[in-house]
Amino acid sequence: MNLRWTRPLAGLALVGALTTGCPSPSIYGTARTIPQGTIQHTMAAEVIGAGVRGNTLVMPTAPTYQLRIGVAENVDLGLRLGNLSMPGMDVKINLLRGAFDLAIDPGIQGMFIATSDEGVGFMYLNLPVVLGFNLSRNFSLIATPGLAYAVAFGTTTSSSSGSSTSATSYNGSGFMPRLGLGANIRISNAFALQPEFTGYYNFDSEGVVFTFGLGFLFGAQPDFSDIQ
């Protein structure tokens, strides 16, 4: 991801990333979709961090809310508010079910932050492949390797010695690999827990942005009755 920010705009971007949850990439679910016509609610407590060239910053952020709707036999729709500030959506398509599950889960999320003289926005297009290893009817290990495309844009306004002002625009975009690891623990037919870690790698800055969260999944759960 190639970005050319001024220092004030870079600072605003970092504050936005670490206080409003940019991004919130964990899926908080399995490769299996929930049954058609059902609904699932998820609330996840999260911390977000960034590491660049040996410097690391980690801090808690606002929780993430997600609503999933079963729209077809092997398809469900996700609507989320990442860290209660970043809207997003995804469509999960379950391609394979068994002791090993496979799905794709394309999605988009974005945000914009503005002050009186500066503004910065982010948009993330995600394409994770969801791998599910079902060790029992009540427990699955989840991996989400994939690719993301990030777009960042913004403006900053500067004043000259007189009364005139000038605005400068900045933008950047690029592909980033992503990887997530988690465990889905099904407590009952209507409740599950999912700890999950997900990170992006930025080639240009040689940095990582990551999220660790604990999701609480209420309502409909995928059917694992075929697992012994």
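Figures for the structure shown
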quantity: Extreme residue, surrounded by the fewest Cβ atoms within 10 Å (Cβ to Cβ), among residues of segment 105-144 that are within 24 Å of P222 (Cα to Cα) and of a type in the set (V, I, T); calculated: I108
quantity: Selected residue (only one of D90, D101 is acidic (D, E), crowded, with 16+ Cβ neighbours inside 10 Å and under 14 Å from the mean Cα position of the chain (by Cα)); calculated: D90
quantity: Residues of segment 172-228 satisfying the condition of being modelled with pLDDT of 95 or more, of a type in the set (G, A, S) and surrounded by 17 or more Cβ atoms within 10 Å (Cβ to Cβ); calculated: G180, G182, A192, G213, G215, A220
quantity: Every pair of residues 6+ apart whose Cβ atoms lie under 8 Å, when the first sits in segment 84-113 and is acidic (D, E) while the second is not in a strand (DSSP E or B); calculated: D90/I27; D90/D105; D90/P106; D101/T30; D101/A31; D101/R32; D105/I27; D105/T144
quantity: Pairs, first farther than 25 Å from P25 by Cβ and polar (S, T, N, Q) in segment 182-193, second at pLDDT 95 or above and surrounded by 14 or more Cβ atoms within 10 Å (Cβ to Cβ), C-beta under 8 Å, six or more apart; calculated: N189/Q221
quantity: Residue pairs meeting the criteria (Cβ under 7 Å; at least 6 apart or on separate chains; first under 29 Å from N74 (Cβ atoms), in segment 199-228; second among the hydroxyl-bearing types (S, T, Y) and modelled with pLDDT under 90); calculated: T211/S24
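The values are calculated or read from the model by the stated rules, or taken from the named source; none is laboratory data. Keep in mind the model is a prediction, meaning the values are calculated, not measured. Cβ: placed from backbone, ideal geometry, glycine included. Neighbour counts: every protein chain shown.
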